Amino acid sequence: MQEEIIKKYNVAVPRYTSYPPANYFREFTPEEYLQAVDESNQSNNNNISFYLHMPFCRRLCHYCGCNSYQMHRNGETERYLKAVHQEIELVGDHLALGRRISQIHYGGGSPTAIPAAELKELNAHLLDPFPTIDRPEIAIECHPGYLKEADWQALIDCGFNRFSIGVQDLDPEVLKAVNRQPSAMPLSEIFQLLRQAGASINLDFLFGLPLQTAESFRRNIETAVQLRPNRVTTFSYGHVPWVFERQRVLERIGLPQPEEKARMFEEAKRVLIEAGYKPIGLDHFVLPDDELYQALANKQLHRNFQGYCTRRTTAQVYAFGVTGISQLDGAYAQNTKNIEEYISESAAGRITTRKGYQLSHEEQLAREVIEMLMCNYHIDWHELSQRTSVAIDELKQAVNYDTAQLDEMQADGIITYNEAQLTITGSGNPFVRNVAAALDPLMQHTTRQFSKPI
């Protein structure tokens, strides 16, 4: 990749895991959220996705950009789990019975720091009142540093069928630098256990960390492809120390330069594609028989805060736990980030919504455009017009369709476009966020801060 192109487009832009991004959220009341939940029952998108935020970690990684807390033996974990059960009851009373669950996802923090018996009770609380689609996805993010064979088996017994294993890096020195515990078991043994249970396996890597080089990161991926996980993710580390003070530790160790970081991604991509994996969206690679690849091939890929999904598992997201973000058709709503507030208010029977966003009609159209681009690297204006029953001109008016800016990106080899469609080129893939930002009306005069794509 040309260094001048990297320098030109390696500017701070949103990740677009939602539209508008979360830092556009405003004050949003519990009453507004529950009204949005009531209205969500009437949406055409009638499936349910539940997200549960488990914020506890045995120790905190320096790079972490999540709302995480050190785990202590003071009863806080037990009180938190009770509060989550209470929130499930409060929100569940507003969900229409008969709606089907298509997805349950546990994130954190380290959800696997929670005892498996407690996770099993939470799953039962969610699954008992509602039917599911055929083969719902019940997923959990796993920190392998503390899990032995019995722990993995207990998670299987909880009903999880997708395991995202956050290895981040396989070099002990890199992990030591970022304060992360390496896997307690050989990955090959973990894979054997999970495969015997018929589970799907993700391996999650993070690039742009101290001590990483393009060569060392390539070796990580070469090891990964020998294990043949169903999916491999190569997340770009987002350095935002003005938000997460603990990240400043990494500056003292030294972070890779943007050019080296770009080489990490390119090397990983090359190894994965040569091994038969298919690139999905911004950072995922999947085996050819994975349903995400089938969705991409049909230009039907979607994304929510939990990651990429298909139309089969696409649903409105109802989030539980501290800092959880619900993602409904017409609104977003985020819980308090303060764990003590969350515990005490949930115990008192109150919803803890603090921030959110009610989307206008135009913003809902902009979301459709940007989501199609971010997921499928392609916008077919005719297909989008048919799906939304909105004229192409109205769709383009809902975004910042600036032909001069698009012409410049086309000249730089980032996109190709005409009146009917817009496509990200292969070399332009790392900069899909830049193209989305160019189409985003909210980005034209913003003062908000974001991470860089590389």
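The values are calculated or read from the model by the stated rules, or taken from the named source; none is laboratory data. Just so we're clear, the structure is a prediction, and the values are computed from it rather than from any experiment. All Cβ positions, glycine included, derive from the backbone under ideal geometry; neighbour counts span all protein chains shown. Calculation scope for accessible area: heavy atoms of the full protein, side chains included, ligands and nucleic acids excluded. Shrake-Rupley method; radii C 1.70, N 1.55, O 1.52, S 1.80 Å.
Tabulated data for the structure shown
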| quantity | calculated |
| --- | --- |
| Only one of I138, I165, I133 that is more than 30 Å from Q247 (Cα to Cα) and crowded, with 19+ Cβ neighbours inside 10 Å | I138 |
| Which listed residue is among the polar types (S, T, N, Q) and buried (at least 22 other Cβ atoms within 10 Å of the Cβ), from Q212, Q181 | Q212 |
| Filter result for E274 (acidic (D, E), without any contact (Cβ under 8 Å) to a residue 12 or more places away in the chain and open to solvent by 40 Å² or more (accessible area, probe 1.4 Å)) | yes |
| One residue from G198, G159, G238, G166 being among the small types (G, A, S), outside any helix (DSSP H, G or I) and more than 23 Å from the chain's Cα centre (by Cα) | G198 |
| Lone qualifier among L122, L147 - being among the aliphatic types (A, V, I, L, M), farther than 20 Å from L193 by Cα and either out of contact with any Cys (no Cβ under 9 Å at 6 or more places or on another chain) or touching a residue at least 40 places away in the same chain (Cβ under 8 Å) (or both) | L122 |
| Residue tally, condition hydrophobic (A, V, I, L, M, F, W, C) and either in contact with a His (Cβ under 7 Å, 6 or more places away or on another chain) or part of a helix (DSSP H, G or I) (or both), over the range 86-125 | 9 |
| Candidate set: the range 397-413, residues that are assigned to a loop (DSSP other than H, G, I, E, B) and under 22 Å from R367 (Cβ atoms); chosen: the one least open to solvent (accessible area, probe 1.4 Å) | V399 |
| Residue match in the range 63-71 (condition: surrounded by fewer than 17 Cβ atoms within 10 Å (Cβ to Cβ), among the polar types (S, T, N, Q) and farther than 27 Å from G145 by Cβ) | no |
| Tabulated pairs, the range 70-85, first assigned to a helix (DSSP H, G or I), second charged (D, E, K, R) and open to solvent by 10 Å² or more (accessible area, probe 1.4 Å), C-beta under 6 angstrom, 6+ apart or interchain | L81/E118 |
| Enumeration of residues in the range 308-330 that are open to solvent by 10 Å² or more (accessible area, probe 1.4 Å) and assigned to a strand (DSSP E or B) | Y308, I325, Q327 |
